[in-house]
Amino acid sequence: MDPWGNSGINVKFPAKTCRMCNFRHLCVKSKSESEPRKLRLRPQQEHQILQTIRKQQDTDEWKERYNTRAGVEGTLSQAINAFGLRQARYRNLPKVRLQHQITSVAINVVRMVSWLNGIPHAITRISRFAALAVT
């Protein structure tokens, strides 16, 4: 059992076996080259459920539903990073609720002003490696 109560089998391969393996490049990664591989195998039924869910995530319908979550995640990120929503400035629930409501109004005002001034949305960051492929 892991700390979250999930059952499974932990497999640890000897370091010497891993170093001599011809298929090491295809194997799961360990923290360092000298450290042996470690795997956690789930029961077959749980594994099959995970594989089914992963196949569903490749469909256009699932990606369209996930786009809604991406918008919510962006709003939460803006609230936390730009408006300090991670920490409450007050101690009791009604005041904290009011802080959250005022923060949400502030986010809407900032977005509306940006829209009126023609400022485009932030572009998703592209890693330096990915930027090499674009140019």
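The values are calculated or read from the model by the stated rules, or taken from the named source; none is laboratory data. It should be emphasised that the depicted structure is a prediction, and the values quoted were computed from it without experimental measurement. Backbone-built Cβ (ideal geometry, glycine too); neighbour counts: all protein chains shown. Keep in mind that these areas ignore ligands, DNA and RNA; they rest on the heavy atoms of the full protein, side chains included. Shrake-Rupley method; radii C 1.70, N 1.55, O 1.52, S 1.80 Å.
Exactly one condition in (1) open to solvent by 80 Å² or more (accessible area, probe 1.4 Å); (2) part of a helix (DSSP H, G or I); (3) of a type in the set (A, V, I, L, M, F, W, C) is false for MET1; which is it?
With (1) open to solvent by 80 Å² or more (accessible area, probe 1.4 Å); (2) part of a helix (DSSP H, G or I); (3) of a type in the set (A, V, I, L, M, F, W, C) applied to MET1, the lone miss is (2).
Can you pull out the residues in the range 74-94 that are closer than 22 Å to ARG111 by Cα, open to solvent by 60 Å² or more (accessible area, probe 1.4 Å) and not in a loop (DSSP other than H, G, I, E, B)?
LEU76, ASN81, ALA82 - these are the residues of the range 74-94 that are closer than 22 Å to ARG111 by Cα, open to solvent by 60 Å² or more (accessible area, probe 1.4 Å) and not in a loop (DSSP other than H, G, I, E, B).
Of the numbered conditions (1) more than 20 Å from the chain's Cα centre (by Cα); (2) open to solvent by 80 Å² or more (accessible area, probe 1.4 Å); (3) closer than 28 Å to ASN6 by Cβ, LYS55 satisfies every one except a single condition; which is it?
The single condition LYS55 does not satisfy is (1).
Residue check: is LEU39 within 22 Å of the chain's Cα centre (by Cα), closer than 30 Å to LYS16 by Cα, of a type in the set (A, V, I, L, M) and open to solvent by less than 100 Å² (accessible area, probe 1.4 Å)? Before the answer, list the steps.
Details: within 22 Å of the chain's Cα centre (by Cα): yes; closer than 30 Å to LYS16 by Cα: yes; of a type in the set (A, V, I, L, M): yes; open to solvent by less than 100 Å² (accessible area, probe 1.4 Å): yes.
So LEU39 fits the description; yes.
Taking interchain pairs and intrachain pairs at least six residues apart, which have beta carbon atoms under 7 angstrom, with the first residue in the range 44-73 and touching a residue at least 12 places away in the same chain (Cβ under 8 Å) and at negative phi and the second open to solvent by 100 Å² or more (accessible area, probe 1.4 Å) and not in a helix (DSSP H, G or I)?
Sorted first by the residue in the range 44-73, then by its partner, the list stays empty.
Among the residues of the range 106-133, which ones are closer than 24 Å to GLU73 by Cβ, open to solvent by 90 Å² or more (accessible area, probe 1.4 Å) and not in a loop (DSSP other than H, G, I, E, B)?
Within the range 106-133, the first condition is being closer than 24 Å to GLU73 by Cβ, and the residues that meet it are 106-115, 119-131.
So of that shortlist, the ones also open to solvent by 90 Å² or more (accessible area, probe 1.4 Å) come out as 108, 111-112, 115, 119-126, 128-129.
Across the range 106-133, the qualifying residues are ASN108, ARG111, MET112, TRP115, ARG128, PHE129.
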